[in-house]
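Scroll down for the structure; my scribbles are underneath it.
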Amino acid sequence: MNFMIHANHLLVLFTISTMLSVLWFLLSLLSLLLLPCLRPCFPAKGSLKNKKKIDKGTYVVGEEETPKELQRELMPRHVAVIMDGNRRWAKQTGLLTSQGYEAGAKRLLEFADLCFKLGINTVSAFAFSTENWGRHKIEVKCLMYLFQRYLKSKIQFFQSKEIRVSVIGNLAKIPESLLRTVHELEEATKSYKKKHLILAIDYSGRFDILGACKNIVKKSEQGLIREEDVDETFFERELQTRCTEFPSPDLLIRTSGEQRISNFFLWQLAYTEFFFSPVLWPDFDKQKFIEALVSYQRRDRRFGSRL
Amino acid sequence: MDSNQSMRLLSAWIGQIGDLGLNLLWRFIHIVVSLWYIVSGIFEAIESYAITLGLNKKYGSIDLEKLRCLAVVVDIEAAQDVANVVELLQWLTTIGVKQVGLFDSQGLLKKSKDLILETVPGSMLLEEIEKDVAPDGKRIALEFISSSDNKEAVMKAANILLQRYLKSSHPEDDKGEDFFTESHLNDALRVVGENVHVPDLLLVYGPIRSHLGFPAWRLRYTEIVHMGTLKYMRYGSLLKAIHKFTGVHQNYGT
């Protein structure tokens with residue numbers, strides 16, 4: 001049976017649809033305004049289903065597609081990080097300092113894993129500076145024990161992910177047990193090429209430069225080099241970052257709002273892009289890292305090429 | 001047939017209304033974001049002018065005891081326009097900063113140092129002050145730095161240390177463990193004409209958040225602040241950055 005829709009029926013339908021679209025528009029607007037407030041309450045989309053559980057509750061992000069706000073070809077090759085704010089984070093969350101360091105160590109693994117999945121080749125982390133020896137003896141002891149235990153427990157993890165681990169720094173003062181673990185870890189992962197994690201323990205930028213001078217002296221004494229051979233390129237090969245294909249970081253991230261290098265890669269950071277984040281290291285999540293990468297890529301696009 | 005046609009017409013209308021809604025939403029978001037940037041920009045400018053006019057009492061008196069040496073990094077583009085650099089130095093003199101290191105990677109400011117020293121009232125070279133010409137009142141000591149004072153200088157200093165070490169009588173088993181210390185390298189850097197003044201604060205003017213090759217040896221605990229481009233510098237922002245620095249606590253790793 002044919003029937004005609006009268007003009008007034010159409011008008012009613014049109015009014016209803018207009019009201020619905022206005023309502024939808026207002027709801028969209030409201031959700032946009034509320035989204036930042038709601039984000040802490042809910043996990044990010046797919047954050048649970050994409051996570052594989054690793055031993056003792058450490059979550060590592062699942063296979064990453066490059067987020068749409070990033071360009072894979074503009075990714076930094078080497079990202080360095082000064083992991084600041086573990087103690088403050090522990091204090092704020094009512095935990096022990098050691099638990100703060102533990103949370104920081106877990107965050108580093110997640111961060112490094114995310115970096116490698118985004119196509120970043122090298123990640124350097126300032127784990128313990130030479131100046132940190134000035135801290136309370138118990139705290140230093142606790143840190144050394146954490147390094148030893150954590151690195152030992154993660155050897156298989158690094159092997160399964162094919163991550164090469166190098167430890168740089170003075171290493172003369174560190175405990176024997178940690179030194180053994182470091183050698184074991186470096187030996188177990190030395191054949192991997194694509195992913196490289198560099199941990200700086202008892203590291204000082206000035207010590208690194210002086211160390212390069214000492215290496216040059218040793219080589220000249222052995223007759224391996226002449227005085228005139230010593231140029232910038234040669235000098236760079238004597239720094240501790242000689243262990244990586246990309247010794248100069250493209251991006252340096254420092255968390256917890258401090259805006260200084262604190263005697264980290266002094267020589268290597270000449271043209272590195274800095275990103276200072278107010279967030280404490282254990283809270284420096286994927287979203288914050290993407291912010292840092294977006295900031296870096298904006299600069300990279302503006303200048304056409306890496307400096 | 002008519003009912004199908006009218007339903008199609010209706011769904012087309014609803015689709016168009018939906019598209020219109022989405023379009024409106026997108027434009028609205030765009031306007032909100034643009035407005036946010038404009039408002040925050042205006043707020044920053046107002047705050048800057050308020051500081052300049054002395055309306056914000058917080059920035060009235062800055063304790064400059066902590067700021068013994070300030071360094072300014074200028075990108076190459078900005079270094080070509082000496083007028084802005086001169087204005088910046090005049091502001092720093094007004095604030096009461098006594099020692100400033102000016103850095104650009106290609107040494108353009110080094111080449112223009114005579115012009116800068118002439119134009120900035122009360123300015124003199126740092127070397128002159130070190131020859132016991134004490135700065136009095138509103139005087140400012142300037143040091144001109146370029147990339148050649150960075151890695152190149154360290155290389156020369158390393159070569160000096162190498163020569164000294166090889167000439168010295170040293171035990172066979174000693175491999176320079178005590179010969180190469182920070183003070184030794186500082187000394188060698190002075191020999192090659194490199195000042196080793198460590199800036200307390202480094203202000204970076206330029207589009208890049210990087211220190212652009214400022215002498216690495218000096219940057220151990222320097223506070224680094226990115227100030228935007230020199231072209232759009234503001235006195236209020238400068239005062240704010242220095243004030244913020246004076247409130248920073250450094251525990252030097254302990």
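The values are calculated or read from the model by the stated rules, or taken from the named source; none is laboratory data. Source: prediction; values computed, not measured. In this analysis, Cβ positions are derived from the backbone assuming ideal geometry, glycine residues included, and neighbour counts consider all displayed protein chains.
Numbers below:
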item: Enumeration of residues in segment A:46-88 that are in contact with a Gly (Cβ under 7 Å, 6 or more places away or on another chain) and either part of a helix (DSSP H, G or I) or at pLDDT 55 or above (or both); result: A:Arg72, A:Met75, A:Met83, A:Asn86, A:Arg87
item: So B:Ser183, is it in a helix (DSSP H, G or I) and closer than 29 Å to B:Ile160 by Cα; result: yes
item: Some residue of segment A:267-287 being modelled with pLDDT under 90 and under 30 Å from A:Thr93 (Cβ atoms); result: yes
item: Close pairs (7 angstrom Cβ cut-off, 6 or more residues apart or separate chains): closer than 23 Å to B:Phe103 by Cβ in segment B:176-198, modelled with pLDDT under 75 and among the hydrophobic types (A, V, I, L, M, F, W, C) anywhere; result: B:Asn186/B:Val196; B:Leu189/B:Val196; B:Arg190/B:Val196
item: Pair list, Cβ under 6 Å, 6 or more apart: segment A:109-127 residue over 17 Å from A:Asp283 (Cβ atoms), other residue in a helix (DSSP H, G or I); result: A:Gly119/A:Arg72; A:Val123/A:Ala112; A:Val123/A:Cys115
item: Verdict on A:Ile174 being buried (at least 18 other Cβ atoms within 10 Å of the Cβ), over 24 Å from A:Thr97 (Cα atoms) and assigned by TED's automatic domain parsing to the domain that holds A:Gln99; result: no
item: Filter result for the condition that a residue is among the hydroxyl-bearing types (Ser, Thr, Tyr), in contact with a Pro (Cβ under 8 Å, 6 or more places away or on another chain) and crowded, with 19+ Cβ neighbours inside 10 Å, over A:Ser124, A:Ser129; result: A:Ser124
item: Segment A:230-286, subset within 8 Å of chain B (Cβ to nearest Cβ) and among the hydroxyl-bearing types (Ser, Thr, Tyr), residue surrounded by the fewest Cβ atoms within 10 Å (Cβ to Cβ); result: A:Tyr271
item: Condition broken by A:Ile216, with the remaining ones in (1) free of Cβ contacts under 8 Å to residues at least 40 places away in the same chain; (2) buried (at least 20 other Cβ atoms within 10 Å of the Cβ); (3) in a loop (DSSP other than H, G, I, E, B) satisfied; result: (3)
item: Flag if B:Leu212 is on the phi > 0 side of the Ramachandran plot, of a type outside the set (Gly, Ala, Ser) and either crowded, with 18+ Cβ neighbours inside 10 Å or not in a strand (DSSP E or B) (or both); result: yes
